[in-house]
Amino acid sequence: MTRRFDESTVVLAVETSCDETAAALVMGGNDVLSSVVSSQIDIHARFGGVVPEVASRAHLESIVPVVRRAFDEAGIAPSRVDAVAATAGPGLIGALLVGVSAAKSLALSWDRPFIGVNHLEAHLYAGLLDDPGLEFPLVVLLVSGGHTMIVEMRGHGDYRILGRTIDDAAGEAYDKVARFLDLGYPGGPVIDRVSADGDPDAIPFPRAMMNDGLDFSFSGLKTAVVNHARRNPGARSVDIAASFQAAVVDVLCAKTLRAAAQSGARGVVLGGGVAANSLLRSEMQRRGSEAGVRVALPSRAMCTDNAAMIAAAAWHRLRSDGPMDLDCGAYPNLKLSEVPRGESR
Ligand code: KG4
Ligand code: ZN
């Protein structure tokens, strides 16, 4: 039977690429009926980072209860689902396999189409979920724990990477600096919080590659933080955190707005976990309005990992490419330009 995917199509999506077990039901690509996220932060906190094996086991325990809750919160029955989606990459292989296997099993038993989703593409769609009126071309700053890139989104599925980090991702730098300063895990939200009590101008940390194209580098900044703290044992960690954050945000805002100007974008959208950062949000908005650029800030819940964005990306891919065969695997190193596929496609 050939199925049509339209405004009434309901997608059940699951997301298990890292340390969040999530499920969502989304209609027509942007009407979020429910979005449930079960975080494993407490489980990994005592290790100071995500332990892949522990993450896979926790996903396995949580996936069915989380999917059940998504149905309870949406108030619909499984029979209303038209397609089932899962993050197929990039991410931790064992973690991805749990979500892909669960989604394929449901698709098979309900006789519904399955689709594997690129997690990075889904982060791009998170911004559009909250603001579907945005018009292409857009520039998306995708800043997460594993990725930092400026993407020109020219249309659905039509992307060009304008700049990317040449070493650490911005979220990774937050996490490493927080660990070094003994502030806790995960580092991003902690540094965000404690920076409110610090002086962002206390230490003039370097803005790497500021006038050097649209790529980023954060590993030198991390080293500068470590060197400063060692040489100044009396320095307040809140001042170091606030100054570090000011340097990261300065570079992210400057390069994103430069990319928007150079590419003639009609707006700038933020995505990924670091896009939940208070200073990044306020500075991007302030500098954007000074430059006459529309800045869309998805809700914090849509910035960090969730399954509603997976369902949104799935809906667009179903319309453009159709469903996938059930031999779709899990692809830990999937690139933004790659669509997950089964062997038979
Ligand atoms: O997108 P995400 O949830 O997972 C990945 O796909 O990586 O991003 C997680 C990253 C972590 O590095 C975390 O420290 C960072 O996003 N993060 C933040 C904030 N909330 C999460 N970084 C800065 N400020 C925040 N408020
Ligand atoms: Zn993510």
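Side notes on the structure shown:
- Note: relative contact order over the stretch 136-293, using C-alpha pairs below 8 Å and six or more positions apart, is 30 percent.
- Counting only heavy atoms of the protein chains and using a 1.4 Å probe, R294 has close to 110 Å² of accessible surface.
- Averaging 1/r over each pair of different alpha-carbon atoms in the stretch 182-222 and inverting the result gives 12.3 Å, the Kirkwood hydrodynamic radius.
- For S299 and R230, the FRET efficiency from 1/(1 + (r/R0)^6), where r spans their Cβ atoms and R0 equals 45 Å, is about 0.70.
- In this Cβ point-charge picture (+1 for Lys and Arg, -1 for Asp and Glu), the chain has a dipole of about 300 debye about its Cα centre.
- Ordering H316, S39, A85 by Cα displacement along the dipole of the chain toward the positive end leaves H316 in first place; charges were set at the Cβ atoms of Lys, Arg (+1) and Asp, Glu (-1).
- Site pair I93 and D321 shows an inter-label distance of 2.1 nm when each label is modelled 7 Å from Cα along Cα→Cβ.
- Radius 14 Å from Cβ of A241, net charge of other residues (Lys, Arg +1; Asp, Glu -1): -2
- Relative contact order, whole percent, for the stretch 113-225 stands at 20, derived from Cα pairs under 8 Å and 6 or more residues apart.
- Share, in percent, of DSSP beta bridges within the stretch 136-293 that are antiparallel, nearest 5: 65
- Kirkwood analysis of the chain, using all unique Cα-Cα pairs, places the hydrodynamic radius at 20.4 Å.
- Amide H within-cut-off set for V117, under 5 Å, with H built and near neighbours excluded: A86, T87, A88, G89
- For the stretch 298-304, Karplus couplings with θ = phi - 60° (6.51, -1.76, 1.60), whole Hz, Gly/Pro x: x, 4, 4, 5, 7, 6, 6
- Under the span-like rule (Cα at least 27 Å along the axis, Kyte-Doolittle mean at least -0.5), DSSP H helices of the chain: 52-74, 237-263
- Carbon-plus-sulfur accessible fraction, the stretch 136-293 (probe radius 1.4 Å, protein heavy atoms only): 48%.
- Proximal lysines to K222, defined as alpha-carbon separation beneath 30 angstrom and excluding residues fewer than eight positions away on the same chain: K176, K255, K335
- Estimated at 0.36 nm per residue, the fully extended path between R160 and R286 surpasses their Cα-Cα distance by 42.8 nm.
- Using C-alpha pairs under 8 Å with a sequence gap of at least 6, the mean separation divided by the residue count of the chain gives a relative contact order of 24 percent.
- Measure of compaction for the stretch 249-345 (Cα Rg per 2.2 N^0.38 Å): 1.35
- Protein heavy-atom accessible surface, 1.4 Å probe, per residue over the chain: 41 Å².
- Average projected area [Cα convex hull, the stretch 136-293], square nanometres: 8.6
The values are calculated or read from the model by the stated rules, or taken from the named source; none is laboratory data. Note that this is a predicted model, so its numbers are computed, not measured. Note that we place each Cβ from the backbone using ideal geometry, even for glycine, and neighbour counts take in every protein chain shown. These accessible areas exclude ligands, DNA and RNA; they are computed on the full protein's heavy atoms, side chains included. Shrake-Rupley method; radii C 1.70, N 1.55, O 1.52, S 1.80 Å.
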